[in-house]
Amino acid sequence: MKNIKLRQNELPFPVTNFEDKTNKEFPFYQNGAKYALCPTCGSSVQIINGRNNVTQNRSKTIYAAHTKGYVNGLKFDENAKLNCPSYNGNAKNWQKIYEKRAGKIKNSEVEKYITLNIRQIALEVEQIIGFKCEYGEGRQSRLFNNLYNSFKSNDGLYIDPNQFVPDYIPRLIIERADPVKCWGAIPNNEIIKEKIKNNIRLEKSLDLGGQFKPDINVQLVGVLDDDNNPARLEIRLKFSDDILVLNRISANI
Ligand SMILES: [Zn+2]
């Protein structure tokens, strides 16, 4: 996982801010190793890799993982951990994140987390869909706002506290949203531009300023490959009776 928390009633923050947030105080910093809590189940996690940390592995990328057992001064809840969507020990456990649990209340922690991290979330959505989402200075593109508003109207914020995994929010926004209008959106990479130019119905739809302005009705949609057993999230442009696949990513992180 890429986000952690220190106390139960606290918003998750990126694992890269560990030292800044903890001042390396006990119990978070012990014997040169770094610990925190899982933002989803509240059980202890250890930080792996990164600077000034004895816990290293070959991947070199910084992340957090549930601890095997009790860590001095931190909560360890084995049952919560085994049921946690972020716990890698259970195959396909993460798929619970895409379940929609009806009848629950709006999760204000999720909303606060998104508001506080909107820039980073928009950048991640941008990387996945291939269209500009983040303009800087707190401005997001209309396409991003279309996706986010649709996610909210489809009860996207009604996430069970024990299913809120911050790392998945960009994917969830895309997955939960309806097909949305994308006229005027700006492709942000050459692969997407080439795909659009090579499609017979869309070949003339990129204007000189790089904006996507098709003369037919086109919507952007993110779909799971398997409703029951999702493995991939596919980004498509949908028009008339046709689709153009823009990107395909793992539904798992
Ligand atoms: Zn957990």
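Things worth noting here:
- FRET E, pair N228, I105, Förster distance 25 Å, beta-carbon r, rounded to 0.05: 0.40
- Listed by chain and number, the aspartates and glutamates whose alpha-carbon sits under 14 Å from that of K92, ignoring those within fewer than 8 places in the same chain, are D226, D227.
- If you take all other residues with their beta carbon under 13 Å from the beta carbon of Q120, and give Lys and Arg +1 and Asp and Glu -1, the sum is -2.
- Rounded D (µm²/s) - the chain, Kirkwood Rh over Cα pairs, Stokes-Einstein at 4 °C, 1.567 mPa s: 66
- Two-decimal ratio, segment 54-163, of alpha-carbon radius of gyration to 2.2 N^0.38 Å: 1.31
- Cα principal axis extents for segment 185-253, largest first, Å: 41, 25, 18
- Among the trypsin sites (Lys or Arg not before Pro) within segment 104-207, those in coil by DSSP and having at most 16 neighbouring Cβ atoms inside 10 Å are K104, K106, R201, K204.
- Cross-link partners for K204 among the lysines, with Cα-Cα distance under 16 Å and sequence neighbours closer than 8 places in the same chain left out: K193, K195, K213.
- Fraction in percent of alpha-carbon pairs per bin - 5 Å, segment 115-218: 2, 12, 22, 22, 18, 12, 7, 4, 1, 0
- Subtracting the Cα-Cα distance of N17 and R119 from their residue separation scaled by 0.36 nm leaves 35.1 nm.
- Stokes-Einstein D in µm²/s, Kirkwood radius over Cα pairs - segment 1-53 at 4 °C with 1.567 mPa s viscosity: 119
- Residue-count net charge about A231 - beta-carbon cut-off 11 Å; Lys, Arg +1, Asp, Glu -1: 0
- Charge dipole (Cα centre; +1 on Lys/Arg Cβ, -1 on Asp/Glu Cβ; no other charges) of the chain amounts to roughly 380 debye.
- Shown for E111, E124: other C-beta atoms within 10 Å of each C-beta, ranked fewest to most, produce the order E111, E124.
- Taking 7 Å steps out from each Cα toward its Cβ at K204 and D242 produces label points 1.4 nm apart.
- Applying a threshold of 32 Å to the alpha-carbon distances of K81/K238; K24/K132; K112/K197; K60/K132 flags K81/K238; K24/K132; K112/K197 as lying beyond it.
- For segment 3-90, the ratio of Cα radius of gyration to the globular rule of thumb 2.2 N^0.38 Å stands at 0.99.
Read-outs: derived from the displayed coordinates by stated rules, not from any lab. All values reported here derive from a predicted model rather than from experimental measurement. Note that we place each Cβ from the backbone using ideal geometry, even for glycine, and neighbour counts take in every protein chain shown.
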